[in-house]
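**Student:** This is the structure I have questions about; it appears just below.
The values are calculated or read from the model by the stated rules, or taken from the named source; none is laboratory data. Note that the coordinates shown come from a computational prediction; the quantities given were computed from them, not determined experimentally. Note: ideal-geometry Cβ built from the backbone for every residue, glycine included; neighbour counts use all protein chains shown. Remember, those area values only see protein heavy atoms, side chains included, never the ligands or the DNA or RNA. Shrake-Rupley method; radii C 1.70, N 1.55, O 1.52, S 1.80 Å.
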Amino acid sequence: MNKLTNASFSQLVVQYERLVYTVCFQLVRDAAAAEDLTQETFLSAYLHRETMPAGYERQWLGRIAANKAKDHLQSAWKRRTV
């Protein structure tokens, strides 16, 4: 999937939206934050779509989601401890 069209990316969003939300929610335990992180995940994925390894879309999106959630938790922890 080197050349990802808008239509095929939209299909990717529909296909993996629940997975990405679940990954985010399991880490942050906050529905609103998980929704925001899901959007951030797909935005980041869209901006870097040319680096997506063909056949590993699920793992790639899951890793982006986990990283976004971890970054969120880290920044929340820093805000709370300052």
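**Student:** Taking region 2-12, which residues are closer than 17 Å to residue 51 by Cβ and of a type outside the set (S, T, N, Q)?
**Tutor:** Residues satisfying the conditions are 3, 4, 9, 12.
**Student:** Restricting attention to region 49-57, does a residue exist that is more than 18 Å from residue 15 (Cα to Cα) and without any contact (Cβ under 8 Å) to a residue 60 or more places away in the chain?
**Tutor:** yes
**Student:** Show the residue pairs that are 6+ apart or on different chains and have beta-carbon atoms under 6 Å apart, the first residue being within region 58-82 and among the basic types (Lys, Arg), the second being surrounded by 10 or more Cβ atoms within 10 Å (Cβ to Cβ) and part of a helix (DSSP H, G or I).
**Tutor:** Qualifying pairs under 6 Å: 68/37; 68/40; 68/41.
**Student:** Also: Six or more apart or on different chains, Cβ under 7 Å: which pairs go from a residue in region 13-28 that's in contact (Cβ under 8 Å) with a residue 24 or more places away in the chain to one that's among the basic types (Lys, Arg) and open to solvent by 40 Å² or more (accessible area, probe 1.4 Å)? Could you list them?
**Tutor:** 16/58; 19/58; 24/68; 27/70
**Student:** Looking only at region 21-72, filter to residues that are basic (Lys, Arg) and assigned to a helix (DSSP H, G or I); which one of those is farthest from residue 6 (Cα to Cα)?
**Tutor:** 70
**Student:** I would also like to ask the following. Given (1) surrounded by 16 or more Cβ atoms within 10 Å (Cβ to Cβ); (2) farther than 11 Å from residue 24 by Cβ; (3) in contact with a helix residue (DSSP H, G or I) (Cβ under 6 Å, 6 or more places away or on another chain), where does residue 44 come up short, assuming only one miss?
**Tutor:** Against the list (1) surrounded by 16 or more Cβ atoms within 10 Å (Cβ to Cβ); (2) farther than 11 Å from residue 24 by Cβ; (3) in contact with a helix residue (DSSP H, G or I) (Cβ under 6 Å, 6 or more places away or on another chain), residue 44 comes up short only on (1).
**Student:** What number goes with the only condition from (1) surrounded by fewer than 16 Cβ atoms within 10 Å (Cβ to Cβ); (2) free of Cβ contacts under 8 Å to residues at least 40 places away in the same chain that residue 34 does not pass?
**Tutor:** Checking residue 34 against (1) surrounded by fewer than 16 Cβ atoms within 10 Å (Cβ to Cβ); (2) free of Cβ contacts under 8 Å to residues at least 40 places away in the same chain, the one that fails is (1).
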